[in-house]
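Here's the structure we're looking at; comments come further down.
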Amino acid sequence: MRYLILSDLHANLPALDAVLADATGVGYDAVIVLGDLVGYGAQPAAVMERTFALNPVAMVRGNHDKVCAGIEPATTFNDVARASAEWTAARLSPGELRALGELPIGPRLVTDDLEICHGAPFDEDHYVFDLRDAGLAIEAMSGRICLFGHTHLPALYTTVDDPVESSGGDDDTLRLPTGGPSLINVGSVGQPRDGDPRAAYGVFDVDQGTMRLRRVAYDVAAAQAAILEAGLPPWLALRLAQGR
Ligand code: ZN
């Protein structure tokens, strides 16, 4: 069984299309989505439609999904995030807003061994940025493997001493430890923030016990043009080229 892992798509249609084309070449059996389908980018309806059409076997909502759907106020958002959330909410149909609002709260168990969340297994909105947060998240995990998003930064945390080999390249296959937990972020499809502007996603191969982290170049200029044409804050276009 191979799961295609998509997180933090952020209404970036050119990035999602590039990822799906690349993933078709890699091969996968089922799709898992870790939240933040919308917010920041200029094509929220199209990204939602593409994502739902994949018939994901498991999804969780992200903080942007909640705010755009009107479930939560934008009190924790900065001005740019709030402006994009208001723009997004105004452009989605009542049906689309309802579908966004009905995305499941995390964490969720996909199988006995595999859990997913947007932020952390103990709080769907918590950012896991460092070892302290990762330790708390690992304590709270229900499965041996937990996939998270929210930070837009690829990462793997484990308590197993034997280090997991990572080439840091654009096609990195991580062999997950069998004798301990793996807390993994595959990065962001629609707004990478690790300095590499290419879209990020993962393929988790259950039988091989591996997570393949992929980076895919996409038409950044098209995503930027859509953001500027929409009248969204120009920083949202600029940051896509910088990958931050
Ligand atoms: Zn996000």
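What the table shows:
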| item | result |
| --- | --- |
| Residues satisfying the stated conditions in the stretch 185-201, i.e. within 13 Å of the ligand (Cβ to nearest atom) and open to solvent by 10 Å² or more (accessible area, probe 1.4 Å) | 193 |
| Condition met for residue 28 (buried (at least 23 other Cβ atoms within 10 Å of the Cβ) and over 30 Å from residue 233 (Cβ atoms)) | no |
| Conditions (1) in contact (Cβ under 8 Å) with a residue 24 or more places away in the chain; (2) crowded, with 16+ Cβ neighbours inside 10 Å: number failed by residue 104 | (2) |
| Out of 30, 18, 90, sole residue that is modelled with pLDDT of 95 or more and either within 21 Å of residue 220 (Cβ to Cβ) or under 15 Å from the mean Cα position of the chain (by Cα) (or both) | 18 |
| Tally, over the stretch 124-143, of residues that are open to solvent by less than 70 Å² (accessible area, probe 1.4 Å) and in contact with a helix residue (DSSP H, G or I) (Cβ under 9 Å, 6 or more places away or on another chain) | 4 |
| Every residue from the stretch 206-215 that is surrounded by fewer than 19 Cβ atoms within 10 Å (Cβ to Cβ) and at negative phi | 206, 207, 208, 210 |
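Okay, residues lined up against (1) closer than 15 Å to residue 189 by Cα; (2) in contact with a His (Cβ under 7 Å, 6 or more places away or on another chain); (3) crowded, with 18+ Cβ neighbours inside 10 Å:
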position	(1), (2), (3)
1	no, no, no
6	yes, no, yes
16	yes, no, yes
20	yes, no, yes
43	yes, no, yes
49	no, no, no
66	no, no, yes
77	no, no, yes
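The values are calculated or read from the model by the stated rules, or taken from the named source; none is laboratory data. Source: prediction; values computed, not measured. All Cβ positions, even for glycine, are placed from backbone atoms using ideal geometry, and neighbour counts span all protein chains on display. Accessible surface is based on the protein model in full, side chains and every heavy atom, while ligands, DNA and RNA are left aside. Shrake-Rupley method; radii C 1.70, N 1.55, O 1.52, S 1.80 Å.
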